1. Which one of the conditions (1) within 11 Å of the ligand (Cβ to nearest atom); (2) under 30 Å from TYR160 (Cα atoms); (3) outside any helix (DSSP H, G or I) does ALA62 fail to meet, given that it meets all the rest?
2. Return the pairs, sorted by first residue and then second, in which the second residue is within 14 Å of the ligand (Cβ to nearest atom) and among the polar types (S, T, N, Q), the first residue lies in region 63-86 and is at negative phi, the beta carbons are less than 7 Å apart, and the residues are 6+ apart or on different chains.
3. Within region 31-44, can one find any residue that is within 16 Å of the ligand (Cβ to nearest atom) and in contact with a helix residue (DSSP H, G or I) (Cβ under 6 Å, 6 or more places away or on another chain)?
4. If you go through region 111-139 one residue at a time, how many are farther than 29 Å from VAL6 by Cα and either of a type outside the set (Gly, Ala, Ser) or in contact (Cβ under 8 Å) with a residue 24 or more places away in the chain (or both)?
5. Report whether or not LEU168 is part of a loop (DSSP other than H, G, I, E, B) and hydrophobic (A, V, I, L, M, F, W, C).
6. Is one or more of the residues making up region 28-51 within 26 Å of THR153 (Cβ to Cβ), assigned to a helix (DSSP H, G or I) and of a type in the set (Gly, Ala, Ser)?
7. Can you tell which of THR100, THR51, THR153, THR108 is within 15 Å of the ligand (Cβ to nearest atom), among the hydroxyl-bearing types (Ser, Thr, Tyr), free of Cβ contacts under 8 Å to residues at least 60 places away in the same chain and closer than 19 Å to ILE13 by Cβ?
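No lab work stands behind these numbers, since they all come straight from the coordinates. Bear in mind the structure is a predicted one, so any value in this text is a computation, not a measurement. Here the Cβ positions follow ideal geometry from the backbone for every residue, glycine too, while neighbour counts run over all protein chains shown.
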Amino acid sequence: MELKEVLKARRSIRKYKDEPVSKEDIDYLLHAAMSGPSACNRTPWEFYVITNKETLEKLRKASRFSNINAPLAIVVCGNLSRALPSQLSPYWIQDCSAATENILLAATDLKLGSLWCGIHPQKRAEQRVSEILSLTEKQVPLNIIYIGHPDETLEPRDQYKEANVHYL
Ligand SMILES: Cc1cc2nc3c(=O)[nH]c(=O)nc-3n(C[C@H](O)[C@H](O)[C@H](O)COP(=O)(O)O)c2cc1C
């Protein structure tokens, strides 16, 4: 697919077929993630790739909005020990968000469905995901990305709004 088609075709898919995502496709998604920009190139991201059904089931209960039945979840975490120092540290969120969007677009390109479920800054959800994945204190889960073969069709769309643009 051309990029301009991918951008419109990416939609939040919440229904998935019970069909695994291939190892080759997972590798493509992770390469896409780590192609993203990061402040001062600190690459403070880590990716937990989850296909284990028990762990997926636990993640579904991590937040009120993460109850999705997909064959694959990638939890994107910021590792604060690799983030920029002091007041620049929160750049890890933007770095990990850029990596996340790359995963969503790469999944769309592979005709896979995907969904970004936010975890940080919901403290209780962060704690639950940290426990499920045995994260250290330095690792903060930004989101759960669900991925799989879609079992629903959402139309491509363009949400362009002139009012949100300011030309100077
Ligand atoms: C930071 C962030 C957090 C989100 N968290 C959730 C979530 O917890 N559960 C969910 O079903 N969708 C979640 N979404 C998906 C949004 O609801 C979705 O992107 C939005 O409704 C626009 O629809 P679209 O992605 O199909 O264009 C999240 C999206 C973002 C960017």
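1. Going through (1) within 11 Å of the ligand (Cβ to nearest atom); (2) under 30 Å from TYR160 (Cα atoms); (3) outside any helix (DSSP H, G or I) one by one, ALA62 breaks only (2).
2. If the second residue must be within 14 Å of the ligand (Cβ to nearest atom) and among the polar types (S, T, N, Q), the pairs left are SER63/GLN122; VAL76/THR100; VAL76/ASN143.
3. Taking every residue of region 31-44 in turn, at least one turns out to be within 16 Å of the ligand (Cβ to nearest atom) and in contact with a helix residue (DSSP H, G or I) (Cβ under 6 Å, 6 or more places away or on another chain).
4. So in region 111-139, the residues farther than 29 Å from VAL6 by Cα come out as 122-139.
Subset that is either of a type outside the set (Gly, Ala, Ser) or in contact (Cβ under 8 Å) with a residue 24 or more places away in the chain (or both): 122-129, 131-133, 135-139.
Adding up the residues that qualify gives 16.
5. Values: part of a loop (DSSP other than H, G, I, E, B): yes; hydrophobic (A, V, I, L, M, F, W, C): yes.
When the stated conditions are applied, LEU168 passes them.
6. Scanning region 28-51 turns up at least one residue that is within 26 Å of THR153 (Cβ to Cβ), assigned to a helix (DSSP H, G or I) and of a type in the set (Gly, Ala, Ser).
7. Working: THR100 fails: free of Cβ contacts under 8 Å to residues at least 60 places away in the same chain; THR51 fails: within 15 Å of the ligand (Cβ to nearest atom); THR108 fails: free of Cβ contacts under 8 Å to residues at least 60 places away in the same chain.
After ruling out the rest, the residue left standing is THR153.
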